[in-house]
Amino acid sequence: MLPRFCRPAQFAPFQGMGRLEHRWLNMKTDEPLIVARELSRVYRMGGAEVVGVDSISLDILAGELVVLKGNSGSGKSTLLALLAGLDQPTHGQLQVAGHDLRQATPAQLTRYRRQVVGMVFQSFNLLPTLTVLENVALPALLAGRSYPSVQHSARELLGWLGLDARHDHLPSQLSGGEMQRTAIARALINDPAIILADEPTGNLDTHNSHIVVELLVDLNRRQGRTVIIATHSSLADRHATVEIRLQDGAIVSKIPE
Ligand code: ADP
Ligand code: MG
């Protein structure tokens with residue numbers, strides 16, 4: 001819980017997608033949402049091999065809040081990129097929400113990336129020439145939704161995130177905290193079951209880090225989305241239902257086992 005002074009009133013329960021609020025809460029949780037078996041990603045650099053993820057076997061149930069820990073280079077970003085369908089495993093199996101990501105065609109992977117997962121990055125990755133509203137709307141337009149409906153959802157999300165006055169601004173005109181909240185809105189626009197956040201507070205001050213972690217926790221607790229956060233920070237630790245520690249691409253601990 002944030003101290004009262006840094007808990008803006010705008011983070012009231014999100015009403016915008018009210019009818020969807022419990023959709024993820026009601027997902028069956030006895031079947032794992034994410035199943036990895038001996039999952040590896042080996043990078044080939046000329047003649048050399050670099051192991052990004054090393055034979056990870058893992059089950060994650062729907063509705064978990066996972067924190068992914070480990071030193072720099074331990075494989076956190078590689079694992080998240082595999083889960084996001086942004087990268088392909090070189091060995092092993094990976095199934096997420098019923099999608100076999102190893103067997104998926106490029107078109108299936110594109111659909112998966114747009115509709116099943118939402119990603120949040122350390123460096124925000126907003127498109128610099130698009131406004132805040134356009135950045136948030138883009139994934140929904142690419143998914144084929146009509147502009148009026150997308151604009152309505154984007155405005156609601158931005159309102160919830162306290163960015164009402166920022167619709168027409170460019171990313172360069174925002175603070176880091178505002179950029180990350182815009183990126184969270186973009187991650188949510190297609191209502192994904194899973195949010196993957198790669199060092200989401202890495203470029204933020206303490207105040208904004210608290211806000212961003214609180215939001216990610218809210219997406220899990222109140223909306224029932226599965227949230228995986230790779231982070232060096234301990235801010236999310238007490239909210240985590242699972243803590244996974246990586247070293248050299250492998251899991252060295254998982255709590256609870
Ligand atoms: P973390 O996010 O925990 O810092 P990464 O997943 O970025 O770790 O990296 C894991 C390992 O994979 C590191 O040794 C890193 O150098 C290597 N690696 C990551 N991405 C690439 C890439 N595109 N090409 C080659 N090696 C990579
Ligand atoms: Mg990383």
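Just so you know, all these numbers are worked out from the coordinates, no wet-lab data involved. Computed from a predicted model, the values in this text were never measured in an experiment. Reconstructed Cβ throughout: ideal geometry from the backbone, glycine too, with neighbour counts over all protein chains shown.
Quick notes
- Spin-label pair GLU31-THR105: with each label point 7 Å from Cα along the Cα-Cβ axis, the two points sit 2.3 nm from one another.
- Distance-filtered residues of the range 215-257 - backbone nitrogen under 13 Å, label point 7 angstrom along SER72 Cα→Cβ: 232
- Ranking LEU246, LEU161, PRO256 by Cα position along the charge dipole of the chain, where only Lys, Arg, Asp and Glu carry charges on their C-beta atoms, puts LEU161 farthest toward the positive end.
- Rounded to the nearest 5, the antiparallel percentage of DSSP beta bridges internal to the chain is 55%.
- Dipole moment magnitude, nearest 20 debye, the range 150-242 about Cα centre, only Lys, Arg, Asp, Glu C-beta charged: 200
- Taking the C-alpha atoms only, the angle from helix 106-115 to the longest principal axis of the chain is near 50 degrees.
- Rounded to the nearest 0.05, the FRET efficiency derived from the C-beta distance between ASP191 and ALA48 at R0 = 41 Å is 0.45.
- Cα lying deepest toward the dipole's positive end in the range 173-226, options HIS207, ALA197, LEU219, charges on Cβ: LEU219
- Rel. contact order, % - alpha carbon contacts under 8 angstrom, at least six apart, the range 83-187: 30
- C-alpha long axis of helix 206-221 to longest principal axis of the chain, angle in °: 80
- Ranked LEU196, LEU163, criterion: other C-beta atoms within 10 Å, fewest first: LEU163, LEU196
- Theoretical FRET efficiency, 1/(1+(r/R0)^6), r = Cβ-Cβ of LYS254 and ASP164, R0 25 Å, to 0.05: 0.05
- Over all other residues within a Cβ to Cβ distance under 12 Å of PHE124, the charged ones net out to -1, with Lys and Arg as +1 and Asp and Glu as -1.
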